[in-house]
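Single-structure report; data block below.
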Amino acid sequence: MSKRGIPLQWEGNLISIEQHDEPVSIERPDSNKTGEMIPRDAKIIQGSLKIHIEKKGRAGKPVIVLSHFSDPESKNSDSLKNLCSLLKHALACGGTVEDQNVVLLIRDINKVKLALKKLNIHVL
C-alpha cells in the first residue's frame, strides 16, 4: 500500500477585504503578557508560606504544593490564581489552585523557592 497524498484544491480567500472593514485583533485589550485575564479584585500575595512535595494521589508524579499562607489576601481565590499564574509563567510549568493551595507541576523545589523570593514571599 503506497502512501500518496490527496490533492487539495482551494478556491477563494480566507478573509475577504470587502466583508471586514476593521482588522481583526487577536490579543485581548485587558490581558497580561501571558495572555490570561487578571481579575480586577486580585491583589499580590505577600508574607510567608509553607512548601512541600506531594506524590500521593497523583499517579506517582511529584508536584509542589504551596500552602499555609500568612497573608489574609490568600483567602481570595482570584489572588491565588494570580500568584499561580505568575509562578507558572516564571517557572515554565503547569499549575492550578486547589482548596486554597497552589499546586505546581514541577520537580525542582529550589527553582520554586527562588521564584518566590523574587516575589518577596518568605518560605517557612
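Nothing in this text is a laboratory measurement; each read-out follows from the coordinates by a stated rule. Bear in mind the structure is a predicted one, so any value in this text is a computation, not a measurement. Methodologically, a virtual Cβ is constructed for each residue, glycine included, from the backbone with ideal geometry; neighbour enumeration extends over all protein chains shown.
Name the long-range amide H neighbours of Ile121: under 5 Å, sequence gap of 5 or more, or other chain; modelled H, no Pro or chain starts.
none
Using each residue's phi in region 98-112, evaluate 6.51 cos²θ - 1.76 cosθ + 1.60 at θ = phi - 60° and report the 3J(HN,Hα) Karplus result to the nearest Hz, with x for Gly and Pro.
Using θ = phi - 60°, the values come out as 10, 6, 6, 10, 9, 10, 10, 8, 8, 9, 7, 6, 5, 5, 5 Hz.
Checking a compactness column here: for region 47-123, what do you get for Rg(Cα) / (2.2 N^0.38 Å), N being the number of residues?
1.00
Using a simple spin-label model with points 7 Å from Cα along the Cα→Cβ vector, what separation in nm is obtained for Ser67 and Leu119?
1.8
Tell me the net charge near Glu54. Cut-off is 13 Å between Cβ atoms, Glu54 excluded, with +1 for each Lys or Arg and -1 for each Asp or Glu. Numbers along the way, then the final one.
On the way: positive: Lys50, Lys55, Lys56, Arg58, Lys61, Arg107; negative: Glu98, Asp99.
Taking every Cβ under 13 Å from that of Glu54, the sum is +4.
Let me check I've understood the local charge: for Ser70, count other residues with C-beta under 15 angstrom from its C-beta, Lys and Arg +1, Asp and Glu -1. What total comes out?
Cβ neighbours under 15 Å give a net charge of +1.
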